[in-house]
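Read the structure below first, then the notes.
Bear in mind that the values in this text are calculations on the coordinates, not laboratory data. Computed from a predicted structure; not experimentally measured. Positions of Cβ are backbone-derived with ideal geometry, glycine not excepted, and every protein chain shown enters the neighbour counts.
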Amino acid sequence: TGVEGCAAAPIGPSYKDEKPKATVSGKIKFDTVHVLPQTPQLIALLTIIRDKNTQRGDFIFYSNRIIRLLVEEGLNHLPVKEHEVTTPLGRTYAGVRFEGKICGVSIMRAGESMEQGLRDCCRSVRIGKILIQRDEETAQPKLFYHKLPNDIADRWVLLLDPMNATGGSASMAVQVLKEKGVAEERILFLNLIASPEGIEHFASKYPKLRVITAFIDEGLDDKNYIVPGLGDFGDRHFGTL
Ligand code: URA
């Protein structure tokens with residue numbers, strides 16, 4: 001595969017004794033896939049949400065911190081224009097300003113857990129929803145519902161789904177967005193944990209779409225759960241275990 005190993009690697013600043021070792025994300029060869037920097041904070045946050053003994057309140061709090069990092073990184077991929085301001089000291093500062101329009105689109109149900117993190121960065125952001133579920137007979141993803149802003153074709157879209165397992169639902173969501181006129185290069189897919197299979201499938205199918213993920217895990221089990229993963233994100237977030 002295009003994913004290179006994610007063996008235990010030293011992490012963190014310099015330590016007096018031995019540096020802690022932690023498993024960090026695998027790397028991937030696609031230029032469109034951006035894995036968040038594997039900082040000590042990010043690894044510590046992921047360690048908490050992966051722990052099966054972490055209670056729901058902590059799961060929500062710490063996954064929100066990762067979501068915030070994903071949204072901030074996603075926003076870094078949007079174009080900016082030069083923008084000069086005057087400071088209270090009467091001096092000018094040559095800065096930048098984001099000019100475009102954005103919207104979030106969450107893949108229900110788990111993607112809805114990422115909406116607050118997006119709102120925390122972009123006040124009153126518009127949010128569309130897409131419901132895709134696996135058809136039990138065909139085992140293929142099936143589109144049940146979507147409701148999107150009317151002018152979505154003029155917007156940058158942050159597509160939200162915390163776990164990218166096979167890439168099947170996200171692929172179908174992208175089809176819906178493209179049918180509504182959204183250009184592939186204006187879609188940013190944000191997820192916390194991806195499988196190598198899911199991310200490769202997705203990145204090869206949509207070569208212009210950008211993916212921002214916090215971690216590429218080892219793989220999938222026979223039920224298409226990401227391993228080592230964190231279990232069912234939606235169940236842990238919404239308390240439906
Ligand atoms: N969705 C989840 O919530 N977890 C997985 O491991 C895969 C898909």
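Please identify, among 228, 20, 141, the residue showing maximal mean-square fluctuation in a Gaussian network model of the chain using a 10 angstrom Cα cutoff.
Highest fluctuation of the listed residues: 20.
Would you please state the base-10 log of I(q)/I(0) at q = 0.08, 0.09, 0.10 1/Å for the chain, with intensities from the Debye formula using one equal scatterer on every alpha carbon?
The computed values of log10 I(q)/I(0) come out as -0.32, -0.40, -0.49.
Can you give me the long-range amide H partners of residue 108? Hydrogens built in the peptide plane at 1.01 Å from N, cutoff under 5 Å, separation of 5 or more residues or another chain.
130, 131, 132
Can you list residues from other chains, or at least 5 along the same chain, whose modelled amide H is less than 5 Å from the amide H of residue 210?
Answer set, sorted by chain and number: 187, 189.
Answer with one residue from 24, 96, 37: the one whose Cα lies farthest towards the positive end of the charge dipole of segment 1-151, charges on Cβ with Lys, Arg +1 and Asp, Glu -1.
96
Can you give the calculated 222 nm mean residue ellipticity of the chain, where each DSSP H run of n ≥ 4 adds -39,500 (n - 2.57) and the sum is split over every residue, rounded to the nearest 500 deg cm²/dmol?
Only helices count here, giving -8500 deg cm²/dmol.
Could you go through segment 226-241 in sequence order and give the Karplus-derived ³J(HN,Hα) for each residue, using 6.51 cos²θ - 1.76 cosθ + 1.60 with θ = phi - 60°, rounded to whole Hz, and x for Gly and Pro?
These are the phi-based 3J(HN,Hα) values: 6, 10, x, x, 8, x, 8, 4, x, 5, 6, 6, 8, x, 10, 5 Hz.
Show me the helices of the chain, taken as full DSSP H stretches, that run 18 Å or more along their long axis by Cα and average 0.0 or above in Kyte-Doolittle hydropathy.
56-75
Just going by the charge dipole of segment 71-201, with Lys and Arg at +1 and Asp and Glu at -1 on Cβ, which of 194, 85, 146 is farthest out on the positive end?
85
What size of dipole, in debye to the nearest 20, comes out for segment 80-199 about its Cα centre when the only charges are +1 on Lys and Arg C-beta atoms and -1 on Asp and Glu C-beta atoms?
In total the dipole reaches around 440 debye.
Running a GNM on the chain with Cα contacts under 10 Å, which residue among 183, 139, 165 ends up with the highest mean-square fluctuation?
Of 183, 139, 165, the most mobile in the Gaussian network model is 139.
Build a GNM of the chain with springs between Cα atoms under 10 Å: which of 63, 106, 204 gets the top mean-square fluctuation?
The residue with the greatest mean-square fluctuation here is 204.
For residue 142, enumerate residues with amide H under 5 Å from its amide H, sequence gap 5+ or separate chain, H modeled in the peptide plane.
Those lying under 5 Å, H to H, from residue 142 are 133, 134, 135.
Residue by residue through segment 82-96, which ³J(HN,Hα) values in whole Hz follow from phi under the Karplus form 6.51 cos²θ - 1.76 cosθ + 1.60 (θ = phi - 60°), with glycine and proline marked x?
Ordered by residue, 3J(HN,Hα) equals 4, 8, 9, 10, 9, 8, x, 8, x, 9, 9, 10, 8, x, 9 Hz.
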